[in-house]
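Take a look at the structure below.
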Amino acid sequence: SNFALETNSLAVKRGDRLLFEKMTWQLPRGKFLAVTGASGAGKSSLLACLSKIVKPFEGKFEIAVNDEKSIG
């Protein structure tokens, strides 16, 4: 794949609150992504999910890098 990271219909839920759903995008290799948004929008939860600290509620993602510490 030409992508460092791909998400497909990713959803994260904390408690009873659905933070985001149906998140689908691709990050090409060699590119950077900045995640911005209001407090409580789910930015930290997205990073926790991509770092495999939090399990996705729905969907999946693939990371094509060997070192997951590149997410943060």
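Within the chain, which is the longest segment containing none of the chymotrypsin sites (Phe, Trp or Tyr not before Pro) that sit in a DSSP loop and have at most 16 other Cβ atoms within 10 Å? Working shown, then result.
Working: sites that count: Phe32, Phe57.
That would be 1-31.
Using a cut-off of 15 Å between beta-carbons, work out the net charge of the residues near Phe20 (Lys and Arg +1, Asp and Glu -1, Phe20 not included).
On the way: positive: Lys13, Arg14, Arg17, Lys22, Lys43, Lys55, Lys60; negative: Asp16, Glu21, Glu58.
That sum, taken over residues with Cβ under 15 Å, equals +4.
Taking trypsin sites (Lys or Arg not before Pro) as exposed when DSSP calls them loop (any state but H, G, I, E, B) and at most 15 other Cβ atoms lie within 10 Å, what is the longest stretch of the chain free of them, the sites themselves excluded?
Numbers: sites that count: Arg29, Lys31, Lys52.
Segment 1-28 is the longest.
In the chain, what is the volume of the convex hull around the alpha carbon atoms, normalised per residue and reported in Å³? The partial results should precede the final answer.
On the way: hull volume 6.2 nm³, N = 72.
Spelled out: Cα convex hull of the chain, divided by residues, is 86 Å³.
For the chain, which whole percent of the accessible surface, found with a 1.4 angstrom probe, sits on carbon and sulfur atoms?
Working: 2590 of 5220 Å².
The C+S portion of the solvent-accessible surface of the chain is 50 percent.
Once amide H atoms are built 1.01 Å from N in the peptide plane, which residues 5 or more positions from Val54, or in another chain, come under 5 Å H to H?
Cys49
Using a probe radius of 1.4 Å on heavy atoms only, what accessible surface per residue do you get for the chain? Whole Å² is fine. Before the final figure, lay out each step's value.
Numbers: 5220 Å² over 72 residues.
Dividing the accessible area of the chain by its residue count gives 73 Å².
If I model a spin label as a point 7 Å beyond the Cα along the Cα-Cβ vector, how far apart are those points for Ala38 and Asn2 in nm?
3.7 nm
The values are calculated or read from the model by the stated rules, or taken from the named source; none is laboratory data. On a predicted model such as this, the values are computed, not experimentally measured, just so you know. Cβ atoms come from the backbone with ideal geometry, glycine included; neighbour counts cover every protein chain shown. Surface areas here come from the heavy atoms of the whole protein model, side chains and all, with no ligands, DNA or RNA. Shrake-Rupley method; radii C 1.70, N 1.55, O 1.52, S 1.80 Å.
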